[in-house]
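To keep things clear, I will list the structure first and then write my remarks on it.
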Amino acid sequence: MKARGAQSSSKSRVHEMKPMAPTTPKAKAVSAIAPNPTKQSRTKTPSSVDEANPEVTAVAAKRSIPAAKKLSKEELSKEVEQIFAESDAHLGERAKASIVKFLHEESQVELDLACTGLNQLPNRLWTLPPFKERLKKLDLRLNNFIQLPGEMKALHTLEDLCLCNTAVCGLPEWLGTLPSLKKLDLRGVTAELPKSFKNNTQLEELRLASLGSSLSKFSETVLSLKGLKRLFCSRYKIEEKAIEQIVQYFPSLEGLYLPDCGLSSFPNEVLELNKLRVQGVLTRISM
C-alpha cells in the first residue's frame, strides 16, 4: 500500500512540474530573420531613389521621351509656305527667298531681311527648329514693322540683332533675356532699352542714334551694362554730363564712336582710358 501511494504522489508531481515546450531551432531561425518594421519603413524604394538622384530621373525621362523628329527640306518648305499663307505680314519675294535659303542651307547662321518692305513680322516662323538652333545674326533694318512678336524669344542662339531705322515703338522685356545676344543696333529707334537689360553682362556692343536729339545723360539701364565694350552714339547733341558718365561707368570700354555729335574735343579723362579707341571727333586713338 505504501508503495502505491508513493507512486501516485510521484505522478502528480510530474504533472505539476510539466515544463514549457522548448523553442525549436527552426523557430529561432525564423525569429532571427524576421524583418524589423522600423528598418523596413526606412528602406528606399526605387522611386524614392530616383527622386533623391535627379541625374537618374533625368536619364530615365530622356529615355522614355522620344526625340523630336527632324523635319526634312520638303516638310520645312511646306511648313514655311503655310506660315506665309496664314501670316498677315506682306512678305515680298526677296524676303521669302532669304527665309527659304536660310532654312535649307544648314551652314547658314545669318538672315538678311533688310529693306524688304516688312510691315509686320510673321509670328510662328521663329519657332521653327533652324531659327531656334542656329540663327546668330538677324538684320531687320529699314522696315516698317512696329513690334517684335513674342515668338522671337525662342531665338536662343541669336547674337546680333539689327533694328536700325525700323518703326519699332516699344521694345519687349524678353529682349533682355535672350541668352546669347551680344550686339544690338537701335539707331533711329526711339524706344528705350528695356529694364530687363539692367546689369546685363553679355551685351558687348550697343548702337544708338537720334537725329538732333539732346543726350544729356544715359539711362540707368544703359549705365548698368557691365559687359559693354563698344558704344555708338551718332547724331546726338551730346552734352558733357553724358561724356562724364562714360568715364565713370565704362572704364573698360574699348570703342567709343560719336559721329556727328557736335563735339570738338573730349575731356582728358576719356582720352586716358587705356583700352579706348575714339572715333568721330577730332581725336582718334589707336588701340
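Under 1.5 on a/c is rounded, so check that first for region 198-287, then, if it is not, pick prolate when a/b is larger than b/c and oblate when it is not; a ≥ b ≥ c are the square roots of the alpha carbon gyration tensor eigenvalues. Oblate is the answer for region 198-287, as a/c is 1.5 or above yet b/c matches or exceeds a/b.
With a simple spin-label model that places each label point 7 Å from the Cα along the Cα-to-Cβ direction, the separation between residue 93 and residue 237 comes to 4.7 nm. The overall shape of region 74-163, judged from the alpha-carbon gyration tensor, is rounded, with an a/c ratio under 1.5. What residues from region 95-110 fall in the zone where the backbone N is under 17 Å from a label point 7 Å along the Cα-to-C-beta line of residue 74? Backbone N within reach: 104. With 10 Å bins beginning at zero, the pair-distance distribution over Cα atoms of region 182-221 amounts to 24, 60, 16, 0 %. Mean separation of Cα pairs under 8 Å and 6 or more residues apart, divided by the residue count, gives region 74-163 a relative contact order of 28 percent. Listed values for region 92-104 are Karplus-derived 3J(HN,Hα) couplings in whole Hz (6.51 cos²θ - 1.76 cosθ + 1.60, θ = phi - 60°), namely x, 5, 5, 5, 4, 5, 5, 5, 4, 4, 4, 5, 8, and x replaces Gly and Pro. Residues whose amide H comes within less than 5 Å of that of residue 215, counting only those at least five positions distant or on another chain, are 237, 238, 239 (H built at 1.01 Å from N in the peptide plane). You can think of it this way: the chain between residue 119 and residue 214 has 31.3 nm of extra reach, that is 0.36 nm per residue less the Cα-Cα gap.
Measuring against 21 Å, Cα to Cα, the residue pairs 73/183; 101/136; 132/198; 73/96; 182/217; 153/195 contain 73/183; 132/198; 182/217 as the ones spanning a longer distance.
Bear in mind these aren't lab numbers, they're just calculated from the coordinates by the rules spelled out. It should be emphasised that the depicted structure is a prediction, and the values quoted were computed from it without experimental measurement. Quick reminder, even Gly has a Cβ in these numbers, built from the backbone with ideal geometry, and neighbours come from all protein chains shown.
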